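As structure tokens, the structure follows; a few thoughts come after it.
The values are calculated or read from the model by the stated rules, or taken from the named source; none is laboratory data. All of these numbers come straight from a predicted model, not from anything done at the bench. Cβ atoms come from the backbone with ideal geometry, glycine included; neighbour counts cover every protein chain shown. Only protein heavy atoms, including side chains, enter the accessible area calculation; ligands, DNA and RNA are left aside. Shrake-Rupley method; radii C 1.70, N 1.55, O 1.52, S 1.80 Å.
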Amino acid sequence: MYRTDTKLYVLTGFLGSGKTTVLLKLLEILKGHRIGIIQNEFGKLGIDGTILRNDEIQMVEINRGSIFCSCLKLNFVQALAEMAAQDFEYLFVESSGWGDPSNVQEILEAAKIVSGKEYDFRGVICFVDAVNFLEQVKEEETAFRQLKHCHLAVITKTDLVGEKQIEKVEEKIREINPVCEMKTSANGQIDDSFLKKDLLIYEWAEGEETTNSVETKPKSIFMEYDGQIDRQKLNEFLTVIAPDVHRVKGFCNLTETGWTQVDVVGTLIDYKESEAFEKSQLVFISKIGPMIIKKILSAWQEHVGTEMKLRN
């Protein structure tokens, strides 16, 4: 058994907290270093993996569940063991927005046994959505657990809120985790000085059983359609759906702007230019279980009206 030089960071944060956006900035900062990524999403469509993928990064995608859940835990252990053989300088694990990392140390121990190598584990970083977090943590045990078991909390989207809101978020973070380091991030930018630290000095909670399970896994629905649609029609559709979903994300071909990356978190609908795809694709993570299917079908028919397909 020996320690690799690979520095391992686990990135958590509730759905739509900006993990992928900040990770892209970190990859820019670390350009030229040997980097690996394990990317985890709930839906079978790897939206964030598509955004992150480039020829310089070695990436493994583990989708259709949480890597901390028994349903995918063995896949995660195997991916960690295989990545240990690559001798990366950095390995970033981007967990799904529903990922509860309470058992991360147990998983790292299992990977060490399988691979015979031990990572230089540098800590869990939790991304906290300044706009939506205070509501999320009231309703979702996962948002609480992600903070409880982190070593660094990064408050994202601070450019979208005022100082009072940021202070309220900071107070709530301290209520849940009194010792983790805190940073803020606007427009996906981040102070990278934490890369020179051992964040484990900010350990607060001991490991425990994760809340992620097959039973608690939220319903995810995958949509695809051909051709283009008007942005206004899509916006109307998404506005109707937004209250009943934790997150919508994907890539759509819009009449006005062509291929566009779509992100919906809370009441915020964000559009960015994207590469082209064969078909438009959206993933919905439901707050209301399978009932979201009827809601999607009804709202699409009313506001868009073109042919589309839904799949589990």
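Quick notes on this structure:
- Test: residue in segment 79-87 that is open to solvent by less than 10 Å² (accessible area, probe 1.4 Å) and under 26 Å from Ile173 (Cα atoms): no
- Among the residues making up segment 114-133, those that are at pLDDT 90 or above and over 18 Å from the mean Cα position of the chain (by Cα) are Tyr119, Asp120, Phe121, Arg122.
- A single member of Ser274, Ser280 is of a type in the set (Gly, Ala, Ser), crowded, with 21+ Cβ neighbours inside 10 Å, more than 13 Å from Pro218 (Cβ to Cβ) and in contact (Cβ under 8 Å) with a residue 12 or more places away in the chain, and it is Ser280.
- The residue that is farthest from Tyr202 (Cα to Cα), among those in segment 100-141 that are part of a helix (DSSP H, G or I) and of a type in the set (S, T, N, Q), is Ser115.
- Restricting attention to segment 42-61 and to residues that are open to solvent by less than 10 Å² (accessible area, probe 1.4 Å) and within 18 Å of Tyr9 (Cα to Cα), the residue that is modelled with the lowest pLDDT turns out to be Gly49.
- Test: residue in segment 215-234 that is surrounded by 21 or more Cβ atoms within 10 Å (Cβ to Cβ), closer than 15 Å to Glu302 by Cβ and either hydroxyl-bearing (Ser, Thr, Tyr) or touching a Phe, Trp or Tyr at 6+ places or on another chain (Cβ under 8 Å) (or both): no
- Leading residue by the ranking (modelled with the lowest pLDDT) among those in segment 255-308 that are farther than 27 Å from Glu139 by Cβ and among the polar types (S, T, N, Q): Ser274
- Residues that are under 18 Å from Ser102 (Cα atoms), in contact (Cβ under 8 Å) with a residue 60 or more places away in the chain and either of a type in the set (A, V, I, L, M, F, W, C) or out of contact with any strand residue (DSSP E or B) (no Cβ under 6 Å at 6 or more places or on another chain) (or both) within segment 157-204 comprise Leu199, Leu200, listed in sequence order.
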